[in-house]
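This report concerns only the one structure given below.
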Amino acid sequence: MESVAQLLEKIPKYDALPETISALMPILASSVILFAMLALAVLFMVWLERKVSAHIQDRLGPMVVGGWHGWAQTIADALKLLLKEDIVPASVDRVLFKMAPFIVFLGAFAAYVVLPFGSSSFVTDLNIGILYIVAVSSLSVIGIIMAGWSSNNKYSLYGSMRAAAQIVSYEIPAAVAIMTVVLFTGSLSMVDIVRAQTGGIQNWFLFRNPFLFLAFVVYFIASLAEVNRTPFDLPEAESELVAGYHTEYSGMRFAFFFLAEYANMFLVASVATTLFLGGWTQAVPASIMPQIVPGPVVFFVKALILIFIQMWMRWSLPRLRVDQLMYINWKVLLPVSFALVLGAGWMATL
Amino acid sequence: MLPEFSGVLLFFVIGLIFLWFVLVLSRLIQPKGLMGSDKYIPYECGEIPEGQAWIRFNIRFYVLALIFIIFDVEIVFLLPWAVVFKQLGTFAYIEGVIFIAILVVGLAYVWKKGDLEWVKSDDLDAMKS
């Protein structure tokens, strides 16, 4: 953001602009950059998922479009969706039906505003950063219920009710696991949380003490459920619910749900990276090795490793039953996460 | 100086503009109303849908939402505690233990009442008979 501001200074007559506009310009510019970057990241992740799944199942996956290992396949798919007719079934609640993709998408993307990709590459640094992420990302539940209810389709309704129950349930262990980190930093700002972990791999919260390590495991499991990934993909369970809450959507509106799903995946991986894996900081401290690799690259590598693990689990584990899903959340993760907060608090008072 | 959340608001607006732009672009180039009107019927595996989908659904989702609200409010209360935790030390820790203990009693009650079970025991009895 600071570097963006410096670039903007070079525009001729930039100083002559009114103060409110010149204060907004860096935010505007960095938001547009972030949007473009996210669109690229989602295209890459969709391609990666298809490749990873193919190789796990001993297939090749897309190989034709674009030449090298079908790299342009997702671009072709996006263009195809753009050219598809946007079907709105006759019996839907039209207002809610059209609003739902917007809310789901914004709920996923708005959280990115506080993610620190590097020591100065973030849009804003709110002092309630992580609370803002938890709050905004649960906005998408409203969109999911709207999509499911307004579609007037039984599969959509079941899918959305399951999704809502699952997402709100798993939000609690995830938030409690986040709290264990806050106990050590004394700040909710994402930048402060990363700054508290500088100085090499032993300072990352993942390796700081056993309670935080377990908190990472709890967060990772709960975040899989929050983004509806296998083994927690009951809301979309293809073999029973067709496509869950977006059964009736087609064309670009479907694409928004799809984008939001991958944006959410990247979001939870980024939050885990920031909270537990030291964000943009490198594993080797600056005193031993000079920090040549730029912060955002380090951040993306860490996040992509987590995303790869998410994909790996998706293609390795079978889907849970509804009662098992509720059992894991309320009777295992919730008591464990409370115990972790008390344990981590005890460590922090020492 | 702008308020702290102006960046967030701007980000929301940019997101909305982006979505709206893509939808308009798609509307300009997509085909319209080809192949008859049957495709405007809700999908139900190729059958004509049986009745409405706006039906009453299981009360369990409601109970679950209630339990969620209780714990979510609890997290909102605990987060400020976690932020100032280091400055207050042992005293804050004991208070936190008491607060969480009260909630665990609530969790134990819900557990005992069987509201955390998805498949209720009387459902199983009904299935057997």
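Separation of the stretch A:118-155 and the stretch A:300-350, taken as the distance between their Cα centroids, equals 20 angstrom. Note on the stretch A:92-348: dipole from Cβ charges, positive end direction compared against A:V284, A:I133, A:T230; the farthest Cα belongs to A:V284.
The alpha-carbon positions of the stretch B:59-128 define a convex hull whose volume is 78 Å³ per residue.
Is there a pair in A:K80/A:K154; A:K51/A:K84; A:K51/A:K302; A:K154/A:K302 whose C-alpha atoms are over 30 Å apart, and which pairs would that be? Those over the limit are A:K154/A:K302. If you average the C-alpha positions of the stretch A:60-104 and of the stretch A:235-261 separately, how far apart do those two centres end up, in angstrom? Their Cα centres are 10 Å away from one another.
In terms of overall dimensions, chain A has a Cα radius of gyration and Dmax of 21.2, 66 angstrom. What part of the accessible area of chain B, given as a whole %, is carbon or sulfur when the probe is 1.4 angstrom? Answer for chain B is 71 percent, counting heavy atoms of protein chains only.
Each peptide in B:52-62, A:124-134 receives the mean, over its residues, of other Cβ atoms within 10 Å, and ordering these scores from highest gives A:124-134, B:52-62. Ranked by the mean number of other Cβ atoms within 10 Å of their residues, highest first, the peptides A:70-79, B:101-110 come out as A:70-79, B:101-110.
Just counting partner chain Cβ atoms within 10 Å, what average do the residues of peptide A:84-91 show around their Cβ? Across the residues of A:84-91, the mean count of other-chain Cβ atoms within 10 Å is 5. For the protein assembly as shown, the residue among A:L275, A:T74, B:F12 whose Cα projects farthest onto the positive side of the dipole built from Cβ charges is A:T74. Shape descriptor for chain B: Rg over Rh equals 1.18 (Cα atoms; Rh from the Kirkwood inverse mean 1/r).
Pairs of Lys residues in the stretch B:59-128, spaced 8 or more positions apart or belonging to different chains, with C-alpha separations under 28 angstrom: 4 in total. Whole-Hz Karplus values for the stretch A:86-98 come out as 8, 7, 10, x, 5, 9, 7, 7, 4, 5, 5, 4, 7 Hz, taken residue by residue from phi with 6.51 cos²θ - 1.76 cosθ + 1.60 and θ = phi - 60°; glycine and proline positions read x. Could you compute how much accessible area chains A and B hide from each other, both sides summed, with a 1.4 Å probe? Nearest 100 Å² is fine. Separately minus together, A and B give about 6900 Å² buried. Per residue in the stretch A:118-133, which ones lose no less than 30 Å² of accessible surface when going from chain alone to all protein chains (1.4 Å probe)? Residues of the stretch A:118-133 that lose at least 30 Å² of accessible area once the other chains are added: A:L126, A:L131, A:Y132. Note on A:135-145: average number of Cβ atoms from other chains within 10 Å of each residue's Cβ is 0.
Normalised by 2.2 N^0.38 Å, where N is the number of residues, the alpha-carbon radius of gyration of the stretch A:197-267 equals 1.54. Remark: mean inter-chain Cβ contacts per residue of A:331-338 equal 3, using a 10 Å Cβ-Cβ cutoff to other protein chain atoms. Rolling a 1.4 Å probe over the protein heavy atoms gives the stretch A:225-350 an accessible area of 36 Å² per residue.
If you place +1 on the Cβ of every Lys and Arg and -1 on the Cβ of every Asp and Glu, how big does the dipole about the Cα centre of the protein assembly as shown come out, in debye to the nearest 20? Intermediate results must be reported in sequence, preceding the final value.
Working: 30 positive and 34 negative charges, 102 e Å.
Approximately 480 debye in magnitude.
Sites counted here are trypsin sites (Lys or Arg not before Pro) in a DSSP loop (not H, G, I, E or B) having no more than 14 other Cβ atoms within 10 Å; the longest part of chain A that contains none of them is A:60-320.
The values are calculated or read from the model by the stated rules, or taken from the named source; none is laboratory data. Nothing here was measured: the structure is a model prediction, and the numbers come from that model. In this analysis, Cβ positions are derived from the backbone assuming ideal geometry, glycine residues included, and neighbour counts consider all displayed protein chains. With ligands, DNA and RNA removed, areas are computed over all heavy atoms of the protein, side chains included. Shrake-Rupley method; radii C 1.70, N 1.55, O 1.52, S 1.80 Å.
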